[in-house]
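Accompanying notes for the structure given below.
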Amino acid sequence: DSGVTQTPKHLITATGQRVTLRCSPRSGDLSVYWYQQSLDQGLQFLIQYYNGEERAKGNILERFSAQQFPDLHSELNLSSLELGDSALYFCASTAGQLNTEAFFGQGTRLTVV
Amino acid sequence: QKEVEQDPGPLSVPEGAIVSLNCTYSNSAFQYFMWYRQYSRKGPELLMYTYSSGNKEDGRFTAQVDKSSKYISLFIRDSQPSDSATYLCAMINTDKLIFGTGTRLQVFP
């Protein structure tokens, strides 16, 4: 158990809908990263938050947004969903802004039908 | 051009073989280099990390970094069927933790 909790584990929704994925980092970790992993694709970096502030942005679509709350949990919001958004979404946490060991949650599997 | 390139495989080897997994990168600003292992449908877990050029050994695993060539490797000695997984290289550039696409490894008995 990595200590990072992601909910829900599975999500099935229709095109055009909006969903929210939740991540609770390891106790004491201030940084949260979000990644998308499509079938046969690597981990695509979406966005990083550190202590409530956005620190780095990857290839995140405008339809996607995220935030980190004062209690350090983070949410990834996906809207106007398309079939191509079906993927595994992982959250990882690290203690600091620049840290060598990121701990990953078990992921949320999103299926858009 | 992707910042990190990794051959997706799959790589299939017999038990006991030495496995070599590699990544190349384009940005010389990368500072830390890591290897993660991901079993099917699970989150990646850190195997090893290195900072400088050279080798780092941990049991059956050896990580190698050549900053001048922008090339990193992971060697697995005496490979076991339990090593069958996807191996992802990763590196840090300022605040971004960037992953390769992963190489799928299968070790057959």
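Couple of notes before you dig in:
- Amide H contacts of residue A:17 (H built 1.01 Å from N, in plane; Pro and chain starts excluded): A:81 sit under 5 Å, all sequence-distant by 5 or more or on other chains.
- Computed label-point distance, nm, for sites residue B:29 and residue B:69 using a 7 Å Cα→Cβ extension: 2.6 nm
- Relative counts (whole %) of C-alpha pair distances in region B:22-76, using bins that are 5 Å wide: 5, 19, 30, 21, 16, 7, 2, 0
- Isotropic mean projected area of the C-alpha convex hull, the protein assembly as shown (nm²): 12.0 nm²
- Rh by Kirkwood over Cα pairs, then Stokes-Einstein D for chain A at 1.567 mPa s and 4 °C, µm²/s: 94 µm²/s
- Note on region B:1-97: along the principal axes its Cα atoms extend 37, 29, 21 Å, ordered by decreasing extent.
- The interface between chain B and chain A buries about 1800 Å² of solvent-accessible area in total (1.4 Å probe, ligands and nucleic acids excluded).
- Accessible carbon and sulfur surface of chain A relative to its total accessible area, %, 1.4 Å: 45 percent
- As a length-normalised measure over Cα pairs under 8 Å and 6 or more apart, the relative contact order of chain A settles at 38 percent.
- Which listed pairs, of B:42/B:70; A:9/A:57; A:57/B:70; A:9/B:96; A:9/B:70, have C-alpha distances above 27 Å, in listed order: B:42/B:70; A:9/B:70
- Of the solvent-accessible surface of chain B, computed with a 1.4 Å probe over protein heavy atoms with every protein chain present, carbon and sulfur atoms account for 47 percent.
- Relative contact order of chain B, defined on C-alpha pairs under 8 angstrom at six or more residues apart (%): 38 percent
- Accessible area per residue, Å², chain A with all protein chains present, probe 1.4 Å: 46 Å²
- Listed by chain and number, the aspartates and glutamates whose C-alpha is less than 17 Å from the C-alpha of residue B:67, apart from same-chain residues fewer than 8 away, are B:3, B:5.
- For the pair region A:2-36 / region B:51-99, the C-alpha centres are spaced 27 Å from each other.
The values are calculated or read from the model by the stated rules, or taken from the named source; none is laboratory data. Bear in mind that the values here come from a model prediction, so they are computed numbers and not experimental data. Neighbour counts run over all protein chains shown; Cβ positions are idealised from the backbone, glycine included. Ligands, DNA and RNA are stripped out before the accessible areas are found, and what is left, the full protein with its side chains, is counted by its heavy atoms. Shrake-Rupley method; radii C 1.70, N 1.55, O 1.52, S 1.80 Å.
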